[in-house]
Amino acid sequence: MISKTYNPRDIEDKWYSYWIENRYFNSKPNPDKEPYTIVIPPPNVTGVLHMGHMLNNTIQDVLVRKARMEGKEACWVPGTDHASIATEAKVVAMLKEKGIQKRDLTRDQFYEYAWEWTHKYGGIILQQLRKLGASCDWDRTRFTMEPALYDAVIDTFIDLHNKGYIYRGHRMVNWDPQAKTTVSDEEVLTKEVMTKLCYLRYKIVDSDDAIIIATVRPETIMADSAICVHPDDERYKHLHGKKALIPLINREIPIITDEYVTMDFGTGGLKVTPAHDQNDYELGLKHNLPIIDILNEDGTLNEKAQILVGEDRFIARKKIIKLLDEAGFVEKIEDYKSNVGHSERTNAVIEPRLSLQWFVKMKELCQPALENVMNDNIQLVPPKFKNTYRVWMENVRDWNISRQLWWGQQIPAYYLQDGTVIVAKTKREALRKAQHEYQLFALTEEDLTQDPDVVDTWFSSWLWPITVFDGLKDPNNEDINYYYPTNDLVTAPEILFFWVARMIIAGYEFKGELPFRNVYLTGIVRDAKGRKMSKSLGNSPDPLDLINIYGADGVRTGMLFSSPAGNDLLFDEKLCEQGRNFCNKIWNAFRLVKGWTVTPSSNEGGQVAALPIAWFEAKLNQTIAEVHDLFSKYRLSDALNVIYKLIWDDFCSQYLEMIKPGFEQPIDQATFEATIGFFDKLMALTHPFMPFITEEIWQDIRPRGVKESLCVAEFPKVAPFDATMLANFEIFFEVVTNVRNLRSTKNISPKTELPLTIKTENQALYQPFESLLVKLANISDISYTTGKAEGMSFLVKADEFFVNLEGELDVEAERENLQKELEYTLGFKKSVEAKLSNERFVQNAKADIVEKERQKLADADAKIVTIQEALARLS
């Protein structure tokens, strides 16, 4: 016998182990089946499950479970990303606890510690996904630093370099002083911060004059190469060609002119610091200005600064303002809001820095990826992101792919002592290349030095849909030919350019086709105040705690109840509570049905139940068709809500009420079997969303085979349904609701039988429902008329229903209530008539507004007649 209460802890580990043991999630190429493939957005190896993972992976699991039940060869490939910056930071912190500095280790020694950390902590998030019910093919788990995937990245680098797409050059890059590496433009988050705008006096050489320059970065004045003014600015024409002195250090810099400067912004004078600002760098190139870099890689000032050497940039800012003020160089200081770039990885303030880095030329590579999203060969869901994608792709900049780290795929470039660069997979290959191409036969491997940098993490993960199937290592292997291109990618909009666009670029470049057909872009999980959930804000619950409280199915449905594609989810724990309550509703309904005594005889109850059975079968088939349609549009939240209503309202509140036997009475075999059959289909329909409870109930519905499972049972197919029957039942339900409401408002007990008279020209419509009306509305007898009848009445469609309350109604109280309602309605009618008699209102108001007022008047007239008739009947 099924237990009295539903306890997720009793079943979740049991069924997940059962699925794993029977290898239901495992996949291999099957030419007799249509493949359905999803590759997981590989979480960082440093990661633990958070609410964004919960949403993303629940959606993936829903899609892959449905495909598996539809008979497709479903393959969900899991894996993790090595996360260069985050992992290296974790390893460095671990070493620090052991009293070891990274600089004291060789690269190989550091790798030993990094792999030790990865093996210990790297698989945590994948283990946590099992608690969610994720049906990944765990035997296919990949890691971006495993040898095959490592080699694929190196081969890709060499291939693109040989094609002329990868080059090395001095460029202004985004420097993260905390991680001590470059980061891409897409990894820089702009935040508005309050700072100080300092107006500084730069003295003019051989003059008593000075020019005022406003800056929010006074700590960089020692790196100034010029002062720039607009050539047409009358205030400064007398300074053209002259020189100014940098405050405190008295180095002379020229005053130049350029139309780049905005005359009406600030003072109209601009300090030009080419080493520490992207725009200043471009201006410096144009005017051939020297580049003076005064910052070390950790954000401290170096010897070129001359003053405050060794100080952190922000401490130096405070100190130099004081020094400038004491020396009389400060004109004034104002509070100022400034947009400042921060590293997405460390939250450190980004420094623009001129650096020698490796880049990928993107313009030409991007074209197929742009065209095939714009023409919907690859569909973005929702499509509103297409324009954002187009703007980014049309304005793409070359991709800086080198990172000043050790953990990652080391750049396959080797340097000769004279600076010659040789790109090759190994040092031995580089040596052979040097000997044959440059005739340097005396060279040895010791004469070659490999570039110490690693490639950007995204440069490995952009190959993910290909490399998880070893599609670069073995381009024609069985897996890549069968599973690629994949079907759906589920990810967050914030990595549309980091990852999605680059995977599309890689797909066309290395496989000649798209990597996936659809991209489902989830929203961001936010709290009730609209803030993005994060550990730093303390507004994000631990997903495992939620699962412990509400069960995995409760949390899954809670996440999906209000998460339409591309729109942010305002998460409230009550959604998980609603999910748990849904589980309890299903559980209790099943217990109710399983608790009935079944008789093999076909009694009158079976005949009464024939109509509800036919109705629910039609309702079920209608919902199945709607669910299939919603899935095709990736409206998973809507699909879940449709199923929720079907089970809670239509099955539990309506169908079971119509067919359940009387107290201690048996149910006939035919009705019971039909009901159990409905449970079978309902569990199959719901399984992708709620895998645990549905498996538990499905296994208990009837005896199953040793290795049978709902996760590989057939997903309900679309079938015809009787729309007329569904419409007629809606009328029936409305009649029942009105009778119940009448009882409630008149304080009449639900146990009191009441006579019902139906005024209709279509008696045949209601006759099939008579026994159900008697049962659900507790009607004593039903009669028909074409005229008036005794009792309180209500309208449903074109028909009027009279319930005779004689002997049950407090006549005086009812008369008093009706009189009050009549007086209110007469007053309301008078106010509407006054508005319509106002010619100015009728002439100036919009036609639809005037028409609404006239409709209000007509409704009031009709209501007055109805109340007056009711009062007359009471008399």
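Structural remarks
- The lysines within cross-link reach of residue 830, meaning a Cα-to-Cα straight distance under 20 Å and a gap of 8 or more places when in the same chain, are 820, 852, 856, 863.
- Beta-bridge orientation, the chain: approximately 70 percent antiparallel, per DSSP, counting only bridges with both partners inside.
- Site pair residue 581 and residue 124 shows an inter-label distance of 3.5 nm when each label is modelled 7 Å from Cα along Cα→Cβ.
- When peptides 152-161, 70-79, 569-578, 722-731 are sorted by average Cβ neighbour count within 10 Å, with the highest value leading, the order is 70-79, 152-161, 569-578, 722-731.
- Cβ-based net charge around residue 701, under 12 Å, with every Lys or Arg adding one and every Asp or Glu removing one: -2
- Annotation: aspartates and glutamates with alpha-carbon distance below 17 angstrom to residue 681 (same-chain offsets under eight excluded): 70, 617, 626, 649, 650, 673, 695, 696, 700, 708, 714.
- Taking other Cβ atoms within 10 Å as a rough exposure proxy, 137, 859, 61 sort from fewest to most as 859, 137, 61.
- Counting Lys and Arg as +1 and Asp and Glu as -1 over every other residue whose Cβ lies under 10 Å from the Cβ of residue 639, the net charge comes to 0.
- Cross-link pairs beyond the 19 Å C-alpha cut-off, checked among 33/66; 14/131; 203/337; 90/120: 203/337
- Gyration tensor verdict on region 302-402 (Cα atoms; rounded if a/c is under 1.5, prolate if a/b is larger than b/c, oblate otherwise): prolate
- Net charge of Cβ neighbours under 11 Å - reference residue 721; Lys, Arg +1; Asp, Glu -1: -2
- Tilt relative to the chain, helix 811-836 - C-alpha long axis, 0 to 90 degrees, to 10: 50
- The ranking of 345, 23, 168 from fewest to most other beta carbons within 10 Å of each one's beta carbon is 23, 168, 345.
- With the simple spin-label model, which puts each label point 7 Å out from Cα in the Cβ direction, the residue 862 to residue 97 separation comes to 7.4 nm.
- Helix 847-874 vs. the chain, principal-axis angle (Cα, 0 to 90°, nearest 10): 30
- Tilt relative to the chain, helix 691-701 - C-alpha long axis, 0 to 90 degrees, to 10: 30
- Sequence of 106, 457, 737 once ranked by neighbouring C-beta atoms within 10 Å, starting from the fewest: 106, 737, 457
- Set of aspartates and glutamates near residue 322 by C-alpha distance (under 14 Å), chain-local residues within fewer than 8 positions excluded: 219, 331
- 5 angstrom amide H check on residue 598, placed H, neighbours 5+ away: 667
- Helices in the chain, meaning DSSP H runs of at least 4 residues, each add -39500 (n - 2.57). Divided by all residues, the mean residue ellipticity at 222 nm is -13500 deg cm²/dmol.
- Close amide H partners of residue 845, meaning residues 5 or more places away or on another chain with modelled amide H under 5 Å apart, do not exist here.
- Note on volume of the Cα convex hull per residue in Å³: of the candidates (1) 236; (2) 215; (3) 260, the value calculated from this structure sits at (3).
Read-outs throughout are calculated quantities, based only on the coordinates presented, and are distinct from any laboratory measurement. Note that the structure is a prediction, hence the values are computed from the model and not measured. Note that each Cβ is placed from the backbone with ideal geometry, even for glycine, and that neighbours are counted across all protein chains shown.
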